[in-house]
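Engineer: Before I ask anything, let me first share the structure, which is written out below as structure tokens.
The values are calculated or read from the model by the stated rules, or taken from the named source; none is laboratory data. This is a predicted model, so every value here is computed, not measured. Note: ideal-geometry Cβ built from the backbone for every residue, glycine included; neighbour counts use all protein chains shown. Heavy atoms of the whole protein, side chains included, go into the accessibility calculation; ligands, DNA and RNA do not. Shrake-Rupley method; radii C 1.70, N 1.55, O 1.52, S 1.80 Å.
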Amino acid sequence: MASLRADQLREHVASDPGCVLLDVREAWEVQLARIEFAPARSRHIPMNEIPQRLAELEGAPSVVCICHHGVRSAQVVAFLHQRGHPRVYNLAGGVDAWSTQIDPAVPRY
């Protein structure tokens with residue numbers, strides 16, 4: 001499974017401006033903390049809704065899956081690979097890694 005470290009995410013987005021940051025956490029988690037920066041498109045689809053909402057990811061050149069620590073997002077990456085999405089990555093360490101290593105303004109929970 002392909003993954004990106006928090007310090008690699010900005011570089012990935014810069015090289016792939018159509019990238020989708022797919023946050024698979026629950027709505028209450030997204031309200032607490034989220035990763036957003038241009039030119040990436042942020043998209044919130046809870047993990048349990050991914051199968052029904054696959055069409056929302058069509059046309060994305062790459063997808064970076066994000067959760068709290070990287071466990072749920074790794075499962076979504078595997079699922080998307082099985083469904084034929086070739087460029088899907090897991091954010092290793094999730095939002096927590098982003099907060100501790102890159103942007104301390106993103107709250108930890």
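Engineer: For the chain, what does the relative contact order come out to in percent, with C-alpha contacts under 8 Å and a separation of six or more?
Structural biologist: Relative contact order comes out at 35 percent.
Engineer: What FRET efficiency, computed as 1/(1 + (r/R0)^6) with R0 = 22 Å and r the Cβ-Cβ distance, is obtained for ASP103 and GLU56, rounded to the nearest 0.05?
Structural biologist: On the way: r = 26 Å, r/R0 = 1.17.
Rounded to the nearest 0.05, the efficiency is 0.30.
Engineer: Under a 1.4 Å probe, what is the accessible area of the chain per residue, stated in Å²?
Structural biologist: Ligands and nucleic acids excluded, the figure is 51 Å² per residue.
Engineer: With labels modelled as points extended 7 Å from the Cα through the Cβ direction, what inter-label distance (nm, one decimal) is found for GLU26 paired with ALA92?
Structural biologist: So the two model labels end up 2.8 nm from each other.
Engineer: Give me the percent of accessible area attributable to carbon and sulfur for the chain, probe 1.4 angstrom.
Structural biologist: Numbers: 2810 of 5570 Å².
Heavy-atom surface of the chain belonging to carbon and sulfur, 1.4 Å probe: 50 percent.
Engineer: Once every DSSP H run of n ≥ 4 in the chain is given -39500 (n - 2.57) and the sum is divided by its residues, what mean residue ellipticity at 222 nm do you get, rounded to the nearest 500 deg cm²/dmol?
Structural biologist: So the helix-based figure for the chain works out to -9500 deg cm²/dmol.
Engineer: Oh, and also: Please compute one quarter of the surface area of the Cα convex hull for the chain and express it in square nanometres.
Structural biologist: Over all viewing directions, the chain projects a mean Cα-hull area of 5.9 nm².
Engineer: So which GluC sites (Glu not before Pro) in segment 15-109 pass both tests, a DSSP loop state and at most 11 other Cβ atoms within 10 Å of the Cβ?
Structural biologist: Answer by residue number: GLU36, GLU58.
Engineer: Sticking with this one: Please give, to one decimal in nm, the separation of the simple spin-label points placed at ARG43 and HIS69, each 7 Å out from Cα toward the Cβ.
Structural biologist: Distance between the two pseudo-spin positions: 2.7 nm.
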